[in-house]
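Undergrad: Let me give you the structure first, and then I'll get to my questions.
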Amino acid sequence: MDRHALLEPPSGAARGAELLDLITRLGFVQLDSINTVARAHDLILFSRRPSYRGKHLKALYEADQALFEHWTHDAAVIPMVFYPHWRLRFQRDAELLKARWKNWRRDGFEEQFKSVLDHIRDHGPAGSSDVGKGERRGSGGWWDWHPSKTALEFLWRSGALTVIGRDGFQKRYDLTERVIEDALRADHLCPNPQDTIDWLCNGALDRLGFATSGEIAAFWDTVSPAESKAWVADELATGRLIKAGITCADGSVRQVVARPDLDERAAEIASPSGRIRVLSPFDPALRDRARAERLFGFYYRIEVFVPADKRTYGYYVFPLLEGDRLVGRIDMKAHRDCGELRVTALWPEPGVRWSDARTRRLEAELARVARLAGTPDVVFLNGWMRDPKPTA
């Protein structure tokens, strides 16, 4: 939790350089369009800096150009200073997507590269609705993109285009050479692939504290498992890493690697704030579901695509963190038309007694979340307190 900036008291400035420092510490912030209470990226930042508002990220990204948008395990905003190390990702995405999208029968998208680039060069930044006039358009889902929309996405993922911001949640693309400064994209200044692999593996371990080689590879989702395993072996051989055993929530011991000063750093961590925080389902501490379950005993799955009658909890349920312990999950939704944040259900985790003091801490946190969501009132519906469910 310390490496994910969740142990210190949630306070401090949340705009400009201070916000960029936080995002750099996290590595990236995942973007997501679901807005039942607040979008994932906004809640991730708010849970660490309650003065944060969405306009602060928009300014940092679109006006200051201190961030760029690309892919890790999903779409994310990433500190601009990391951009040179994304050259490897651009190359790998180009190879992967050409093969994958052809297999998905997105015929004709490669023939649209020139026309899309010419359109943006001549007319300025564009979205998917600005290109491919007259092409077949379906429902708009990822499975039914028109060829020019597919071309836009490919040219972005492979580096020729850069997303400069969003209208609503629709991406706007421009030519990379008009957005990214020369010093960040010049061929002679870009790291070679092995240097990038070293940088990515080091960066992943620094943000995880300890990890397996597979967890290191999964952090940015650019390095392959084999490359991560080879990096770990080299670092162990030089003494820059050590092997360690981490006791998991179920009492088992898992073998990981860490920096040699792991114990000293752990001893320096201050006692966590006892405040309850609402976390995004895509919070960095929970993104790797298997790791979160091993370390914290917290089983979590998104149920957005699960039929309503088959859901264990709800459509979009938020984990609750108290100090360094995940104590429950809450189903709630912002009804902005009537100014209410409505709490449908809360399930304590097995073994957690939900006291009156916890309820008061929860109410205080929900009042803060309601301000982020733009709903002045918090309303608890009848029967909101539920019994814990058995561990999956």
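The values are calculated or read from the model by the stated rules, or taken from the named source; none is laboratory data. The structure displayed is predicted, hence computed values, not measured ones. Cβ coordinates were reconstructed from backbone atoms using ideal geometry, including for glycine residues, and neighbour counts include every protein chain displayed. The protein model used for the area step is the full one, side chains on, heavy atoms only, and it has no ligands, DNA or RNA in it. Shrake-Rupley method; radii C 1.70, N 1.55, O 1.52, S 1.80 Å.
Undergrad: Would you check if there is a residue in segment 255-267 being more than 30 Å from A160 (Cβ to Cβ), part of a strand (DSSP E or B), without any contact (Cβ under 8 Å) to a residue 12 or more places away in the chain and aliphatic (A, V, I, L, M)? Give the steps one after another, and end with the answer.
TA: Quick first cut of segment 255-267, residues more than 30 Å from A160 (Cβ to Cβ) only: 255-267.
Adding the requirement that they be part of a strand (DSSP E or B) leaves 255-258.
With the extra rule that they be without any contact (Cβ under 8 Å) to a residue 12 or more places away in the chain, the set shrinks to none.
Checked against the condition, which is being more than 30 Å from A160 (Cβ to Cβ), part of a strand (DSSP E or B), without any contact (Cβ under 8 Å) to a residue 12 or more places away in the chain and aliphatic (A, V, I, L, M), segment 255-267 yields no hits at all.
Undergrad: Could you list, in sequence order, the residues of segment 223-249 that are buried (at least 16 other Cβ atoms within 10 Å of the Cβ) and in a loop (DSSP other than H, G, I, E, B)?
TA: Hits for segment 223-249 are V223, L241.
Undergrad: Here is a further query. Condition first: open to solvent by 10 Å² or more (accessible area, probe 1.4 Å), free of Cβ contacts under 8 Å to residues at least 40 places away in the same chain, in a strand (DSSP E or B) and touching an Asp or Glu at 6+ places or on another chain (Cβ under 7 Å). Can you find one or more residues in segment 331-338 that meet it?
TA: no
Undergrad: Would you point out the residue of segment 98-150, among those that are of a type in the set (S, T, N, Q) and at pLDDT below 75, that is least open to solvent (accessible area, probe 1.4 Å)?
TA: Step one: filter segment 98-150 for residues of a type in the set (S, T, N, Q), giving 103, 112, 115, 128-129, 139, 148, 150.
Subset that is at pLDDT below 75: 103, 139.
Numbers: N103: 123, S139: 89 Å².
Checked segment 98-150; the qualifying residue least open to solvent (accessible area, probe 1.4 Å) is S139.
Undergrad: P281 versus (1) assigned to a helix (DSSP H, G or I); (2) open to solvent by less than 10 Å² (accessible area, probe 1.4 Å): which is the lone unmet condition?
TA: Of everything listed in (1) assigned to a helix (DSSP H, G or I); (2) open to solvent by less than 10 Å² (accessible area, probe 1.4 Å), P281 misses just condition (1).
Undergrad: Against the condition more than 21 Å from the chain's Cα centre (by Cα) and part of a loop (DSSP other than H, G, I, E, B), how does S273 come out, does it pass?
TA: yes
Undergrad: Could you please give the count of residues in segment 170-197 that are in contact (Cβ under 8 Å) with a residue 24 or more places away in the chain and open to solvent by less than 50 Å² (accessible area, probe 1.4 Å)?
TA: Residues meeting the conditions: 11.
Undergrad: To continue, here is another question. Go over the candidates R291, R301 one by one and state the one that is modelled with pLDDT under 95, among the basic types (K, R) and either within 30 Å of V256 (Cα to Cα) or open to solvent by 20 Å² or more (accessible area, probe 1.4 Å) (or both). Break it down stepwise before answering.
TA: Details: R291 fails: modelled with pLDDT under 95.
The unique qualifying residue is R301.
Undergrad: Mind listing whichever residues of segment 311-322 are crowded, with 16+ Cβ neighbours inside 10 Å, farther than 12 Å from R386 by Cα and not β-branched (V, I, T)? Give the derivation first.
TA: Narrowing segment 311-322 to residues crowded, with 16+ Cβ neighbours inside 10 Å: 313-322.
Narrowing further to those that are farther than 12 Å from R386 by Cα: 314-322.
Those that are crowded, with 16+ Cβ neighbours inside 10 Å, farther than 12 Å from R386 by Cα and not β-branched (V, I, T): G314, Y315, Y316, F318, P319, L320, L321, E322.
Undergrad: Additional query: Testing P50 on (1) of a type outside the set (A, V, I, L, M, F, W, C); (2) surrounded by fewer than 16 Cβ atoms within 10 Å (Cβ to Cβ); (3) out of contact with any Asp or Glu (no Cβ under 6 Å at 6 or more places or on another chain), one condition comes back false. Which one is that?
TA: (2)
Undergrad: Tell me which residues, restricted to segment 339-358, are surrounded by 14 or more Cβ atoms within 10 Å (Cβ to Cβ) and not acidic (D, E).
TA: At the first step, the residues of segment 339-358 found to be surrounded by 14 or more Cβ atoms within 10 Å (Cβ to Cβ) are 339-349, 352, 354, 358.
Those that are surrounded by 14 or more Cβ atoms within 10 Å (Cβ to Cβ) and not acidic (D, E): G339, L341, R342, V343, T344, A345, L346, W347, P348, V352, W354, R358.
Undergrad: Same structure again: Taking segment 15-54 on its own, how many of its residues are touching a Ser or Thr at 6+ places or on another chain (Cβ under 6 Å) and closer than 16 Å to R275 by Cβ? Break it down stepwise before answering.
TA: Let us first name the residues in segment 15-54 that are touching a Ser or Thr at 6+ places or on another chain (Cβ under 6 Å), namely 28, 40, 43-44.
With the extra rule that they be closer than 16 Å to R275 by Cβ, the set shrinks to 43.
Matching residues across segment 15-54 total 1.
Undergrad: Would you check which residues across segment 359-391 are within 17 Å of L321 (Cβ to Cβ), open to solvent by less than 50 Å² (accessible area, probe 1.4 Å) and either modelled with pLDDT under 95 or polar (S, T, N, Q) (or both) and list them?
TA: The one that is within 17 Å of L321 (Cβ to Cβ), open to solvent by less than 50 Å² (accessible area, probe 1.4 Å) and either modelled with pLDDT under 95 or polar (S, T, N, Q) (or both): T359.
Undergrad: Further question: Filter segment 26-43 down to residues that are of a type in the set (A, V, I, L, M, F, W, C) and part of a loop (DSSP other than H, G, I, E, B) and give me whichever is farthest from S271 (Cα to Cα).
TA: First pass over segment 26-43, keeping only residues of a type in the set (A, V, I, L, M, F, W, C): 26, 28-29, 31, 34, 37-38, 40, 43.
Filter once more, so that each one left must be part of a loop (DSSP other than H, G, I, E, B): 28, 31, 34, 37-38.
Values: F28: 26, L31: 30, I34: 33, V37: 29, A38: 29 Å.
This residue is I34.
Undergrad: Does segment 62-83 hold any residues that are open to solvent by less than 20 Å² (accessible area, probe 1.4 Å) and either part of a helix (DSSP H, G or I) or touching a residue at least 60 places away in the same chain (Cβ under 8 Å) (or both), and which are they?
TA: F68, E69, H70, T72, F82, Y83
Undergrad: For the structure I just gave you, tell me whether F296 is free of Cβ contacts under 8 Å to residues at least 60 places away in the same chain, of a type outside the set (S, T, N, Q), surrounded by 20 or more Cβ atoms within 10 Å (Cβ to Cβ) and closer than 23 Å to R3 by Cβ.
TA: On the way: free of Cβ contacts under 8 Å to residues at least 60 places away in the same chain: yes; of a type outside the set (S, T, N, Q): yes; surrounded by 20 or more Cβ atoms within 10 Å (Cβ to Cβ): yes; closer than 23 Å to R3 by Cβ: yes.
When the stated conditions are applied, F296 passes them.
Undergrad: Can you name every residue in segment 6-25 that is within 14 Å of the chain's Cα centre (by Cα) and either outside any helix (DSSP H, G or I) or crowded, with 22+ Cβ neighbours inside 10 Å (or both)? Reasoning before the result, please.
TA: Let us first name the residues in segment 6-25 that are within 14 Å of the chain's Cα centre (by Cα), namely 22-25.
Selection gives I23 alone.
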